[in-house]
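What follows is a single structure, and I will ask about it in a moment.
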Amino acid sequence: MRRLIPPMVAALALAALTVPSPASADPGPRPAAYRLDCDGQAPGSSCTVVASGKSRPNHVQEFVATVRTGEQVWARDTIYTREGQARTRPFPLPAGNVTVDVSVTSMPEKKAGTPLRLMAWNLFVGGTINRQETTGDNLKQMIEYLNEVNPDILFVVEGYGSGQKILEGLNAGRAEDDRFSAAQLTHPEDYSVNGDNLWIYTKLDIQKVYPRYADEEISSFNLGGARLGLPNGQHVHAFSVWTWHDGYAFGDTHDAAVQNTHGLPRTKTTEQILDADRLRRVAMGKSILEKAIPSFVGDDDAPVLMGGDLNAQSYLDWTDQFADAPGHGGVVLPWPYTKMYTEAGFVDTFRHANPDAGLYPGRTWSPLSGFGAVPARIDYVFAKGEDVRILGSRSDVRRLPRHRDSWLDRPYPFYSDHGAVITDVVIRGKGTGPDRPIVSEEPGKGREIWPAPPAGTRVPPAELSATASTFKPGAGDPVRAVDGNLTTDFHSYYPGPPPQPHHITVDLGRVRELSAVRFQPKLRVNMNGTVLEGMVQVSDDGETFRDVKRVEWPKMTAPNDVDLTGVSARYIRLRADYGMGGATAIAEIIPYEVAR
């Protein structure tokens, strides 16, 4: 259903990143006519903003649309067009009084600005998966992926010996005017043990690599940068960054959300969780933001671009606005470290382009060791400056489709243990503006963390028993998978054999007409043993089993439900063909029978 929602009046929004420089504005942002195009009237209906302005020959229009309820922003788009109108990405209609702010700026087409694609990525020991992958295949595929993304500036963490190989791979077969240059930013005196951590790769002219900065908190292992020249004579300052991993922000957040969701006692208070930032990262942030970057940039007001791995959660993701978002469990965490970047004038480009943290979690941790129960976004692209326009941003956590038939895909579903962050921006000034499709995040990716229980009546735990082909006595007995306690786990024997497949079999006490079975992975941060591939089987006598459904499950602690409509059986068996670390673990197997 198409509808116009009155009486919304377009208001001019002049946020820091939508103020044009005097040299490029013609005549400056002004309110634009718009309508909301929705498929329904209830909250959650899919809507877009359709905005209209005056098309002018040889001009480009910049539309900025923001959707909010009160101070809470739910959708935001910046769109460049020569057609005089623009349509935003779809967004769910928020509940409450919705305000839509739309502005339009018209500028000569040769003064729209320079487009840049920015990419930040921790390569996990130079693409070797912590030196576990020795064939070189992963690094080769990683370079192919980088070439497909085709960034203009690539901020690298954990180059660790692969820096020159990456540069050669990026430039292989490229035209002379499309080649990359690179700068190793971490100096030898700062990586005698670990490695050459920070690099920057760029198609822009590297005008100056900044000298080593070191104090009691940081060194060139944590921050390095360069002044990069734009084709139009302007320049930007670009920095790669890495900050300390101790004080495991993801682990404590995961535990708090799980405990809140399932009515378990909290093991840490909010302040104790926030202390993870205060252990070292806050002090490092002060050195980076208050000392190091100002020492390089000085009074120059050119844009500052920064990307890397902060090992810290975003305070923007854990506000009251998103307390009830999937995976958040009512947890509100005003993380002090990432807030420092906002207070210093930097914009988190992913969250600016995708303000709804429930719809766009933007997970970057961890495609290798598991996504857990909560969204973990610890890798960032930041931008600072009046001339920066953020057009779109996404996080990547899966190999390219053509790489998924490789032997690497099963143990290593992405090229690193970190996701990559890609952002498209325009630096206003001379230039014709965006020249390729804008990156965008897939809505709802990794969002369904706690689905509703399946249909039917849960079989009481007291009526169940379980056996297994392998288990760790005491620590992983099969009874733990049917005891009704989400904090206990069945776990196959460790360390060592037997190899998978492993079996765990639940005796329902009698033949039952089943509706579904829920397999709840263990809810711990350490996801070793989480089942990824297997077969659900049933039996009437406990001896002869028949296959019901082949299953492939994600590396998440979300429950996995299997429909058993039309199945009658006394025994349910999970054959675990492949689990993380070669082990099998599960918190609960919960059968449901047809309600009577």
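The values are calculated or read from the model by the stated rules, or taken from the named source; none is laboratory data. As the structure is a prediction and not an experimental result, all values here were calculated from the model. Every residue, glycine among them, receives a Cβ derived from its backbone with ideal geometry; neighbour counts consider all protein chains shown. Side chains included, ligands, DNA and RNA excluded: accessible areas come from the protein's heavy atoms. Shrake-Rupley method; radii C 1.70, N 1.55, O 1.52, S 1.80 Å.
Kindly check whether there is at least one residue in the stretch 317-327 that is assigned to a loop (DSSP other than H, G, I, E, B), among the aliphatic types (A, V, I, L, M) and under 27 Å from Val73 (Cβ atoms).
Yes, that holds for at least one residue.
Separate question: Show the residue pairs that are 6+ apart or on different chains and have beta-carbon atoms under 7 Å apart, the first residue being within the stretch 492-504 and touching a residue at least 40 places away in the same chain (Cβ under 8 Å), the second being open to solvent by less than 100 Å² (accessible area, probe 1.4 Å) and aromatic (Phe, Trp, Tyr).
What qualifies is Ser492/Phe471; Gln500/Tyr578; Ile504/Phe490.
Go through (1) within 30 Å of Gly392 (Cα to Cα); (2) surrounded by 22 or more Cβ atoms within 10 Å (Cβ to Cβ); (3) not basic (Lys, Arg) and name the single condition Ser440 misses.
Result: Ser440 fails condition (2) only.
Let me ask something else. With the requirement that a residue be among the aromatic types (Phe, Trp, Tyr) and either out of contact with any strand residue (DSSP E or B) (no Cβ under 9 Å at 6 or more places or on another chain) or surrounded by fewer than 22 Cβ atoms within 10 Å (Cβ to Cβ) (or both), what does the stretch 317-344 give you?
Listed by number, the residues that qualify are Trp318, Phe322, Trp335, Tyr337.
Report, ordered by the first and then the second residue, all pairs with beta carbons closer than 7 Å, sequence separation of six or more or different chains, a first member in the stretch 569-593 that is closer than 27 Å to Glu513 by Cα, and a second member that is of a type in the set (Phe, Trp, Tyr) and open to solvent by less than 10 Å² (accessible area, probe 1.4 Å).
Taking only residues 6 or more apart or on different chains, the pairs are Leu574/Phe519; Ala585/Phe490; Ile586/Phe490; Ile586/Phe519; Ile589/Phe519.
Can you work out which of the residues in the stretch 284-311 that are touching a residue at least 24 places away in the same chain (Cβ under 8 Å), in a loop (DSSP other than H, G, I, E, B) and more than 28 Å from Trp450 (Cβ to Cβ) is most open to solvent (accessible area, probe 1.4 Å)?
Asp301
For residues that are part of a loop (DSSP other than H, G, I, E, B) and among the polar types (S, T, N, Q), scanning just the stretch 266-281, find the one that is most open to solvent (accessible area, probe 1.4 Å).
Selected residue: Thr267.
Next question. May I ask you to say which residue of Gly392, Gly419, Gly444, Gly456 is at pLDDT below 95 and either on the phi > 0 side of the Ramachandran plot or touching a strand residue (DSSP E or B) at 6+ places or on another chain (Cβ under 9 Å) (or both)?
The match here is Gly444.
Related question: Which of the residues belonging to the stretch 443-487 are among the aliphatic types (A, V, I, L, M), open to solvent by less than 60 Å² (accessible area, probe 1.4 Å) and more than 30 Å from Thr48 (Cα to Cα)?
Listed by number, the residues that qualify are Val459, Leu464, Ala466, Ala468, Ala475, Ala481, Val482, Leu486.
Can you tell me which residue within the stretch 525-552, out of those that are acidic (Asp, Glu) and in contact with an Asp or Glu (Cβ under 9 Å, 6 or more places away or on another chain), is surrounded by the fewest Cβ atoms within 10 Å (Cβ to Cβ)?
For the stretch 525-552, the residue satisfying everything is Glu552.
Based on what the data block shows, is Ser314 closer than 29 Å to Gly345 by Cβ and either charged (D, E, K, R) or buried (at least 17 other Cβ atoms within 10 Å of the Cβ) (or both)?
When the stated conditions are applied, Ser314 passes them.
Sort out which residues of the stretch 108-124 are open to solvent by less than 10 Å² (accessible area, probe 1.4 Å) and within 21 Å of the chain's Cα centre (by Cα), and write them in order of number.
Within the stretch 108-124, Leu116, Leu118, Met119, Ala120, Trp121, Asn122, Leu123 meet the criteria.
Further question: How about the stretch 50-87: which of its residues are under 18 Å from Gly433 (Cβ atoms) and among the hydroxyl-bearing types (Ser, Thr, Tyr)?
Ser55, Thr78, Tyr80, Thr81
Within the stretch 244-278, track down each residue that is under 17 Å from Ala558 (Cα atoms) and polar (S, T, N, Q).
Hits for the stretch 244-278 are Thr253, Gln259, Asn260, Thr261.
Working only within the stretch 159-184, note down all residues that are of a type in the set (A, V, I, L, M) and either part of a loop (DSSP other than H, G, I, E, B) or open to solvent by 40 Å² or more (accessible area, probe 1.4 Å) (or both).
Ala172, Ala175, listed by residue number.
Looking at Arg131 and the list (1) crowded, with 23+ Cβ neighbours inside 10 Å; (2) not in a strand (DSSP E or B), which single condition is not satisfied?
The one condition Arg131 does not meet is (1).
Residue by residue, here is whether (1) touching a residue at least 60 places away in the same chain (Cβ under 8 Å); (2) buried (at least 24 other Cβ atoms within 10 Å of the Cβ); (3) charged (D, E, K, R) holds:
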| position | (1), (2), (3) |
| --- | --- |
| His187 | no, no, no |
| Ile206 | no, no, no |
| Gly229 | no, no, no |
| Phe239 | yes, yes, no |
| Phe250 | yes, no, no |
| Leu264 | yes, no, no |
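Here is a follow-up. With the condition kept exactly as written, say whether any residue in the stretch 507-524 is at pLDDT below 95 and open to solvent by 60 Å² or more (accessible area, probe 1.4 Å).
yes
Quickly run through the stretch 515-550 and pick out the residues that are among the β-branched types (Val, Ile, Thr) and in contact with a strand residue (DSSP E or B) (Cβ under 7 Å, 6 or more places away or on another chain).
Scanning the stretch 515-550 gives Val517, Thr530, Val531, Val536, Val538, Val548.
Hey, another quick one. Just checking, how many residues over the stretch 57-77 are surrounded by fewer than 24 Cβ atoms within 10 Å (Cβ to Cβ), polar (S, T, N, Q) and closer than 27 Å to Asp39 by Cβ?
Residues in the stretch 57-77 being surrounded by fewer than 24 Cβ atoms within 10 Å (Cβ to Cβ), polar (S, T, N, Q) and closer than 27 Å to Asp39 by Cβ: 3 in total.
Would you be able to tell me the number of residues in the stretch 447-483 that are acidic (Asp, Glu) and not in a loop (DSSP other than H, G, I, E, B)?
1
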